């Protein structure tokens, strides 16, 4: 892990105990799903879904993959998608960079960002897409609903073997305000803390 990112991860360890009980329960259900897949010799495919696939779903995808690597858990693959196509929002990208990730932006209206947690780590691809895009698994995955709007508007996700509602408040609500950066950093930190709690409950 990059030094800045590693410091960030160390700083959130003590915050796991402050996760509300209801959210811990959902995260523990998700951990059980992952553990069951591992025990049966199968990969665990996690697809994080929000409406625009622009903020919360991408942040969750990246933090879940990073947490799995941190805890040495193999055969966990993370993806994201939405009900509409926009782009990985630059404000969310900047929050991930402040946390310690490196991000390559090739440009374009919907950039295919390349994100790393270490120089020798994998390049994680992030671009906005519909949740059933061919680059995402089409069956045998868990659909993790990271926004209540997507959860409400998509009562059925074809191919999902489990559905997990773990919604986050949208930092977009603070765009253009003095609280904008703080809101994105707060959401980034909440997602990081919960994804690390999740993976800490899965045996390597």
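For the reader, a short list of remarks on this structure follows.
- Residue that is modelled with the highest pLDDT, among those in the stretch 82-128 that are farther than 20 Å from residue 8 by Cβ and touching a helix residue (DSSP H, G or I) at 6+ places or on another chain (Cβ under 7 Å): 82
- Going through (1) surrounded by 14 or more Cβ atoms within 10 Å (Cβ to Cβ); (2) over 13 Å from residue 159 (Cα atoms) one by one, residue 104 falls short only on (1).
- Checking each residue in the stretch 85-100 for being buried (at least 23 other Cβ atoms within 10 Å of the Cβ), more than 21 Å from residue 130 (Cα to Cα) and touching a strand residue (DSSP E or B) at 6+ places or on another chain (Cβ under 8 Å) picks out only 96.
Results for (1) more than 14 Å from residue 202 (Cα to Cα); (2) in contact with a helix residue (DSSP H, G or I) (Cβ under 6 Å, 6 or more places away or on another chain); (3) modelled with pLDDT under 95, shown as yes or no for each residue.
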| position | (1), (2), (3) |
| --- | --- |
| 4 | yes, no, no |
| 18 | yes, no, no |
| 55 | yes, yes, no |
| 61 | yes, no, no |
| 65 | no, no, no |
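- Residue 73 meets each of the listed conditions (1) surrounded by fewer than 18 Cβ atoms within 10 Å (Cβ to Cβ); (2) in a loop (DSSP other than H, G, I, E, B) apart from (1).
- Unique residue being surrounded by 14 or more Cβ atoms within 10 Å (Cβ to Cβ) and without any contact (Cβ under 8 Å) to a residue 40 or more places away in the chain when the list is 64, 31, 43: 43
- Restricting attention to the stretch 129-174 and to residues that are farther than 17 Å from residue 78 by Cβ, more than 16 Å from the chain's Cα centre (by Cα) and in a loop (DSSP other than H, G, I, E, B), the residue that is modelled with the highest pLDDT turns out to be 158.
- Inclusion of residue 88 among residues that are assigned to a strand (DSSP E or B), on the phi < 0 side of the Ramachandran plot and under 16 Å from the mean Cα position of the chain (by Cα) is not warranted.
- Of the residues making up the stretch 11-21, those that are without any contact (Cβ under 8 Å) to a residue 60 or more places away in the chain, in a helix (DSSP H, G or I) and within 19 Å of the chain's Cα centre (by Cα) number 1.
The values are calculated or read from the model by the stated rules, or taken from the named source; none is laboratory data. All figures in this text were calculated on a predicted structure; none of them were measured in a lab. As a convention, Cβ positions derive from the backbone with ideal geometry for all residues, glycine included, and neighbour counts pool all protein chains shown.
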